[in-house]
Number of protein chains: 2
Amino acid sequence: MPRFEKIEYRPIPVRELFLEMKNLSELMIDLAYSAALFNDKDLAEDVLELEKRVDNLAYQLDMTIMLAARDPEDAEALAGVSTVASAADKISDAAADIAAIVTQNIGVHPIVGEIFEKVEERLIRAEVLNNSILVGKSIDELKLAAEMGADIIAIRRDKDWIIDPKETEKIKVGDVIIARGAPEGLKEFRELCEGKRLKLGG
Amino acid sequence: MPRFEKIEYRPIPVRELFLEMKNLSELMIDLAYSAALFNDKDLAEDVLELEKRVDNLAYQLDMTIMLAARDPEDAEALAGVSTVASAADKISDAAADIAAIVTQNIGVHPIVGEIFEKVEERLIRAEVLNNSILVGKSIDELKLAAEMGADIIAIRRDKDWIIDPKETEKIKVGDVIIARGAPEGLKEFRELCEGKRLKLGG
């Protein structure tokens with residue numbers, strides 16, 4: 001097994017690379033704090049995996065920016081993009097540092113818990129099992145926000161991450177869903193994912 | 001003028017230092033992105049100032065943690081707090097990097113603007129002038145969220161920052177308010193701050 005994987009350059013628009021880095025880094029901070037609060041190893045592992053992805057994106061973006069700069073003015077303007085991208089990379093590193101506390105069993109002082117307890121909004125990570133009524137439904141159909149004050153912010157589908165999924169995105173068996181919301185709504189939502197609750201609403 | 005200011009150790013509970021670092025670092029990211037999008041130098045200066053504050057908090061927290069650890073178990077648990085605090089410090093550095101693009105007139109590539117344009121929620125920074133009807137009112141009384149979908153997330157009062165102010169906090173002349181919300185509501189809110197709109201609601 002090779003120790004370092006070569007990252008191949010694929011032509012992806014700067015815009016897309018940059019947007020994905022920004023969104024991922026922000027999501028990672030939320031995930032990392034939640035992982036620390038609930039001592040959730042799965043969530044922490046997700047963060048560490050996403051960190052590798054952001055590193056990869058940063059590398060792709062650097063190459064793309066170099067190829068995109070055609071004159072000094074271009075280069076100057078793109079330098080700003082590069083700085084913001086580096087910042088997103090730094091943020092994702094910070095998230096990975098927090099996640100590593102959880103995966104390395106360092107343990108979190110009660111103070112950390114106490115502080116996050118006060119945050120009303122929470123994140124959960126729930127896997128969609130095959131008897132869940134969510135399977136095959138689009139996010140739009142679920143009306144989660146109205147029904148239970150929960151909001152799907154990301155879906156992990158096999159090796160892919162769908163960040164801020166579209167309303168038309170359909171839930172599949174095996175999806176790991178990251179949702180944000182008030183604790184009560186999230187509890188209901190987890191039961192829906194895991195097939196323990198078979199009716200939407202009321 | 002001394003080049004380096006000595007930071008004096010003041011006994012502040014770890015809990016408070018830690019919570020402030022976490023909240024500030026998250027706010028700074030939002031502020032920095034907004035500063036980059038709107039090329040807002042004042043907002044960028046705020047971020048750079050907050051970065052110094054987070055550095056100072058990090059230093060205080062390190063000292064406090066050292067003094068708080070009484071046995072190896074304590075030290076182990078506190079190591080986790082220290083890691084999360086360092087992560088918050090890293091996040092605030094990243095925000096400062098973004099803000100520096102604005103203060104150094106590096107300029108932001110249209111791509112950055114384009115991407116942030118898509119974000120529906122915005123931040124504004126508005127100063128409360130002395131003919132504003134907001135002066136003397138508590139946040140609770142304003143019912144901003146209901147009236148215009150805006151939310152006050154921080155107040156800068158002289159040298160102090162009030163992050164996530166309480167509902168009972170009263171607005172004063174000269175306050176610089178950072179609010180989040182939909183573009184339309186924020187426009188109205190700015191007019192209220194600057195005394196250009198003299199009636200709340202409708």
Take residue B:23 and decide whether it is surrounded by fewer than 20 Cβ atoms within 10 Å (Cβ to Cβ) and in contact with a strand residue (DSSP E or B) (Cβ under 6 Å, 6 or more places away or on another chain).
yes
Could you grab me the full set of residues in the range B:27-55 that are within 12 Å of residue B:85 (Cα to Cα) and not β-branched (Val, Ile, Thr)?
B:55
Checking residue B:70 against (1) of a type outside the set (Val, Ile, Thr); (2) part of a helix (DSSP H, G or I); (3) under 28 Å from residue A:110 (Cα atoms), only one condition comes out false. Which one?
(2)
Can you say whether residue B:58 is in contact with an Asp or Glu (Cβ under 8 Å, 6 or more places away or on another chain), within 23 Å of residue B:177 (Cα to Cα) and modelled with pLDDT of 85 or more, as far as the supplied structure shows?
no
Can residue B:48 be described as in contact with a strand residue (DSSP E or B) (Cβ under 6 Å, 6 or more places away or on another chain) and either on the phi > 0 side of the Ramachandran plot or assigned to a helix (DSSP H, G or I) (or both)?
no
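So that you can scan it fast, the table gives a plain yes or no per residue for (1) at positive phi; (2) without any contact (Cβ under 8 Å) to a residue 60 or more places away in the chain; (3) more than 18 Å from the chain's Cα centre (by Cα):
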| residue | (1), (2), (3) |
| --- | --- |
| B:64 | no, yes, yes |
| B:68 | no, yes, yes |
| B:71 | no, yes, yes |
| B:77 | no, yes, yes |
| B:80 | no, yes, yes |
| B:85 | no, no, no |
| B:90 | no, yes, no |
| B:93 | no, yes, no |
| B:102 | no, no, no |
Between a residue in the range B:18-29 that is free of Cβ contacts under 8 Å to residues at least 60 places away in the same chain and in the same structural domain as residue B:60 (by TED's automatic domain parsing) and any residue that is buried (at least 22 other Cβ atoms within 10 Å of the Cβ) and part of a helix (DSSP H, G or I), which pairs come within a Cβ distance under 7 Å, given they are 6 or more apart or on different chains?
none
Residue B:124: in a strand (DSSP E or B) and closer than 20 Å to residue B:16 by Cβ, yes or no?
no
Return the only residue of B:98, B:111 being facing chain A (nearest Cβ under 9 Å), assigned to a helix (DSSP H, G or I) and modelled with pLDDT under 85.
B:111
In this structure, is residue A:90 farther than 26 Å from residue A:126 by Cβ and in a helix (DSSP H, G or I)?
yes
Has the range B:81-101 got any residue that is more than 21 Å from residue B:11 (Cβ to Cβ) and of a type in the set (Lys, Arg)?
yes
Restricting the range A:62-94 to residues that are touching a Ser or Thr at 6+ places or on another chain (Cβ under 7 Å) and among the aliphatic types (A, V, I, L, M), the one farthest from the other protein chains (Cβ to nearest Cβ) turns out to be A:65
By residue number, the members of the range B:178-193 that are surrounded by 15 or more Cβ atoms within 10 Å (Cβ to Cβ) and under 18 Å from residue B:139 (Cβ atoms) are B:178, B:179, B:180, B:181, B:185, B:186, B:188, B:189, B:190, B:192, B:193
On the given criteria, is residue A:149 surrounded by 17 or more Cβ atoms within 10 Å (Cβ to Cβ) and at pLDDT below 85?
yes
Restricting the search to the range A:7-61, which residues are under 18 Å from residue A:123 (Cβ atoms), of a type outside the set (D, E, K, R) and within 10 Å of chain B (Cβ to nearest Cβ)?
A:23, A:25, A:29, A:32, A:33, A:36
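The values are calculated or read from the model by the stated rules, or taken from the named source; none is laboratory data. Given the structure is predicted, the values throughout are model-derived calculations rather than measurements. Please note: Cβ atoms are built from the backbone with ideal geometry, for glycine as well, and neighbour counts cover all protein chains shown.
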